[in-house]
Amino acid sequence: MENAILHGISPAGRRGSILVSSRVEKAPALPPSRAAQRSLAAVPGQHLLIEARDDGVGMNEELAASVLRPVNGNGDQGGGAGLHRIGLANVHQRIRLNFGDPFGLEVQSVPGSYTLVRFVLPVMKQEA
């Protein structure tokens, strides 16, 4: 939400909106994920999608792809863009480290229209 407000809506210079939604989807192609805690088990064939969409300034395809790149030793995300934002890349990498490569963040954006950030997570259940 912070990114949607600071980087999407505020620069637009107008009122905006943020829509947050979630749903569980069948995902037969995804392998079982690792559980971050031993008392939790992933539900095979399902994943949780959490989406945040704003109607702010949006960003071009190159910038949208760059926000998920791993941070290099200099504290920027590489690509020569001079970016020093590490929040989304950090969250993306943590999800992948905890649950595996099929999971993480996805970013879609159209300049002047919207940005959508999607969290793709395994559905977890408490083991008895």
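Bear in mind these aren't lab numbers, they're just calculated from the coordinates by the rules spelled out. Nothing here was measured: the structure is a model prediction, and the numbers come from that model. Methodologically, a virtual Cβ is constructed for each residue, glycine included, from the backbone with ideal geometry; neighbour enumeration extends over all protein chains shown.
Taking other Cβ within 10 Å of each residue's Cβ, how do Ile5, Ile95 sort, fewest first? Present the calculation step by step, with values, prior to reporting the outcome.
On the way: Ile5 13, Ile95 20.
Result, fewest neighbours first: Ile5, Ile95.
Taking each residue as 0.36 nm, the span from Arg14 to Glu2 lengthens on full extension beyond its C-alpha to C-alpha distance by 2.7 nm. Taking 7 Å steps out from each Cα toward its Cβ at Glu106 and Ala65 produces label points 1.6 nm apart. Legend: ranking of residues Ile86, Ile9 from fewest to most surrounding C-beta atoms inside 10 Å; resulting order Ile86, Ile9.
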